[in-house]
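Chemist: Dropping a structure here in structure tokens format, bear with me for questions.
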Amino acid sequence: MNKNVFPKGFLWGGATSAYQCEGAWNKDGKGFAITDLLTTGTRRNPRKLTLEVDQNTYYPAKIGIDHYHHYKEDIKLFSEMGFKVYRMSVSWARIFPNGDDEVPNQKGLDFYRNVFEECHKYGIEPLVSIMHHDTPMALALKQDGWLSRKTIDAYVKYAKVLFEEYKGLVHYWITFNEINMTMNYFGDVYGGAILSNGTRMIDINHVSDDAMSSEKQNKRFAALHNQFVASALAVKLGHKIDSSNNIGCMIASDAHYPYSCNPQNILAAQNSMRKLWYCGDVQVRGEYSYFTRRFLEEKGVTLVVSEEDKKILKEGTVDFYSFSYYTSGTDCVDQEVDTDSGNFNLGAANPYLKKSEWGWAFDPDGLRWVLNEIYGRYHIPLFIAENGLGAIDEVSPDGIVHDDYRIHYLKEHTKAMKQAIDDGVELFGYTWWGPIDLVSASTGEMKKRYGFIYVDLDNEGHGTLERKPKDSFYYYKKLIDTNGACVFEDEE
Ligand code: BG6
């Protein structure tokens, strides 16, 4: 028996989100999501949010990669790679254009039904995120998004429609993508939809004191609490509607290391990891962690949690913990050390690691470490909902993208997963982020490509939208065919 294969039934696949790939932003009755109205940016030049459509501006969500009209072709390509699972999100504003309409939009419901049926045609299990950053714009404008308890009611009504409508077609759900993003300054837009906090976007060069003022922090943590309540209510409801539903949380779980053995750096890294545990403890254990009071106090945040909410959180704990892992960061109290302008300000540059063109450190060992940390804390099944490499791809004269760098990234992270499984971690699936090129969330660029499938489209929306497998497409196919064993070939 080959000791290097993954557990039987391991769910290999890929992940996308609605606003980053669907396009058709106002088609068939769809309303706008807050993420639709984000302009294109770059690593150094943050995206901007406009409150209404500016005719002279290009919005990447308008076209996405036009998955709305290409979903059959795209799912067929996924099936050719052997996908067992396709993680995708439903656009709330496609179902309820204003977020809280009386009745759902039938054409929106039909679209997702078609997508799920298409997946099943190829034996692909859909895994559905109920919300992936994209709160309906109308709720942001009307009630400051997740700051309002009314948004909880609207979300639960929307989730109920999904659970009822797609009963039997969908068995795996995620309530909120990267829920811990809401506690960050860019969470005002992504996830939180708190317009009264301003429209500041991811600016890796400069996070102003104003952006981190206690007034703004208070709103973020209040919004995050409302999302916890909404998630717990949805979990309870989802189980009631179909007891075979598996419902998970999704938490951005990049690794945080101390920069050195300076005890101050160790404490700083411990505090950074609390950004994960803060959410995980509520969603998995059903209660706020012991460190919450001081953690919030230090940010100038006061959070009052009612007894009724405490009960809701306890009754709506998740079945599995899913997470995104791309990179690691180092925490350093020494101001002299070079800071790393990488993935969401993850601290000082780690001299042991190489970085991508967007500054994200390549750290497969960090994935093994984080899998062990999470499993050690919660002891529930884990799922890697996102992992991948965003890179600039060149189409070679033969018309193909030869992306050995992506294959290398995939291979090393797969080995790290296997190490964690051998450590005893219960991991049941892996979805590569962006198996088909799509719009980058942080910068809005198309040129930051993750795909095994190339899409002919540039940052300004020019291109034929033709899909073409890259070298990594055939590698991932082989990886799935061999249930992971092929990544160890060079070691045998
Ligand atoms: C995660 C998000 O944070 O990272 C995705 O859930 C996002 O939506 C992914 O696309 C990669 O980030 P980026 O900025 O490279 O697209």
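The values are calculated or read from the model by the stated rules, or taken from the named source; none is laboratory data. Being a predicted model, the structure only gives us computed values, none of them experimental. Every residue, glycine among them, receives a Cβ derived from its backbone with ideal geometry; neighbour counts consider all protein chains shown. The accessibility values were calculated without ligands, DNA or RNA, using every heavy atom of the protein model including side chains. Shrake-Rupley method; radii C 1.70, N 1.55, O 1.52, S 1.80 Å.
Chemist: Picking from Gly238, Gly248, Gly286, which residue would you name as being in contact (Cβ under 8 Å) with a residue 12 or more places away in the chain, within 16 Å of the ligand (Cβ to nearest atom) and farther than 18 Å from Tyr326 by Cβ?
Modeler: Gly248
Chemist: Only residues that are more than 13 Å from the ligand (Cβ to nearest atom), within 22 Å of Thr292 (Cβ to Cβ) and in a loop (DSSP other than H, G, I, E, B): list them for the stretch 163-193, please.
Modeler: Residue satisfying the conditions is Gly192 alone.
Chemist: Let me ask you something else. Residues to consider are Ala61, Ala24; find the one that is part of a loop (DSSP other than H, G, I, E, B) and modelled with pLDDT of 95 or more. Talk me through it step by step, then tell me what you get.
Modeler: Values: Ala61 fails: part of a loop (DSSP other than H, G, I, E, B).
None of the others qualify; the one that does is Ala24.
Chemist: Also, I was wondering about something else. Can you tell me how many residues within the stretch 411-436 are more than 11 Å from the ligand (Cβ to nearest atom), within 20 Å of Met88 (Cα to Cα) and not in a strand (DSSP E or B)?
Modeler: The total comes to 1.
Chemist: Which one of these is basic (Lys, Arg) and farther than 23 Å from Arg294 by Cβ: Lys236, Lys219?
Modeler: Result: Lys236 is the single residue among Lys236, Lys219 that is basic (Lys, Arg) and farther than 23 Å from Arg294 by Cβ.
Chemist: When you go through (1) open to solvent by 10 Å² or more (accessible area, probe 1.4 Å); (2) assigned to a strand (DSSP E or B) one by one for Lys160, which number turns out not to apply?
Modeler: Tallying (1) open to solvent by 10 Å² or more (accessible area, probe 1.4 Å); (2) assigned to a strand (DSSP E or B), Lys160 fails exactly one: (2).
Chemist: Looking at the stretch 257-328, what helices (runs of 4 or more DSSP H) fall wholly within it and have at least 3 residues that are surrounded by 20 or more Cβ atoms within 10 Å (Cβ to Cβ)?
Modeler: Hits in the stretch 257-328: 263-280.
So that you can scan it fast, the table gives a plain yes or no per residue for (1) over 30 Å from Arg44 (Cα atoms); (2) in contact (Cβ under 8 Å) with a residue 40 or more places away in the chain; (3) among the hydrophobic types (A, V, I, L, M, F, W, C); (4) touching a strand residue (DSSP E or B) at 6+ places or on another chain (Cβ under 6 Å):
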| site | (1), (2), (3), (4) |
| --- | --- |
| Asp242 | yes, yes, no, yes |
| Tyr257 | no, yes, no, yes |
| Ser260 | no, yes, no, no |
| Gln264 | yes, yes, no, no |
| Gln270 | no, no, no, no |
| Tyr290 | yes, no, no, no |
| Glu298 | no, no, no, no |
| Thr302 | yes, yes, no, no |
| Asp334 | no, yes, no, no |
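Chemist: Please work out which residue is farthest from the chain's Cα centre (by Cα), limiting yourself to the stretch 88-135 and to residues that are more than 16 Å from the ligand (Cβ to nearest atom) and among the aromatic types (Phe, Trp, Tyr).
Modeler: Selected residue: Tyr122.
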